[in-house]
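The values are calculated or read from the model by the stated rules, or taken from the named source; none is laboratory data. Everything quoted here is computed from the prediction, not taken from an experiment. Here Cβ is always computed from backbone atoms with ideal geometry, including for glycine, and neighbour counts include all displayed protein chains.
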Amino acid sequence: MNQRIIGLTGGIACGKTTVSQYLQEKYQLPILDADIYARKAVEVGSPILKAIINRYGADILLADGNLNRAKLGEIVFKNPVERQWLEAQIHPFVEQSLITAISDYSHHQIIILVIPLLFEANMTHLVTEIWVVNCLESQQVQRLMQRNGLNREQAQARINSQFPLSEKIKKADVVLDNLSDLECLYAQIDKVLRGR
């Protein structure tokens, strides 16, 4: 069996979660989400969280001892050096977690790896094909402002911190345009999965 390992990526707030939920619900495909492993990497008591506290001080934590993601985000999305440092802590953990999970699903013909930073974290070697979810930058900004309660400047900083969407599209095997309604997006997914 030739296993298809689909790397699902795209810009922030382009609709990766919408696509992965549809693939899971309609096609019962296993979804391995890099963000879940990234959260696990910084759980209370983890070596990575200790390193973050050593670097930024204990006020990077919430009252319950968990990482204050909003506060950390403010630091790393403005400062490329800090972002690189943080990613160097988290990406190896995420990659190893994905490798382990892929082997657990070796009996599945298709598995989906949702990796927002597929290119930035150099994880393309984990997948057999790359799907990029695309939308307009103005849509990204609006969705980020609504979803994360950010102002325009904060939303733009998060978009700018990622590999440009246009470059991701050039490297994609499949581009899913999330420019209009969900029916249109789902129809593209159905066509790709059935047409190959």
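Working only within segment 58-82, note down all residues that are among the polar types (S, T, N, Q) and at pLDDT 95 or above.
Within segment 58-82, Asn66, Asn68 meet the criteria.
Looking at (1) closer than 10 Å to Ile112 by Cβ; (2) surrounded by 15 or more Cβ atoms within 10 Å (Cβ to Cβ); (3) over 19 Å from the mean Cα position of the chain (by Cα), can you tell me which one Tyr27 breaks?
Unmet condition: (2).
Select from segment 36-72 the residues that are outside any loop (DSSP other than H, G, I, E, B) and either among the hydroxyl-bearing types (Ser, Thr, Tyr) or farther than 23 Å from Asn148 by Cα (or both) and list them in ascending order. Write out each step before concluding.
Step one: filter segment 36-72 for residues outside any loop (DSSP other than H, G, I, E, B), giving 36-41, 47-56, 58-61, 67, 69-72.
Within segment 36-72, Tyr37, Pro47, Ile48, Lys50, Ala51, Ile53, Asn54, Arg55, Tyr56, Ala58 qualify.
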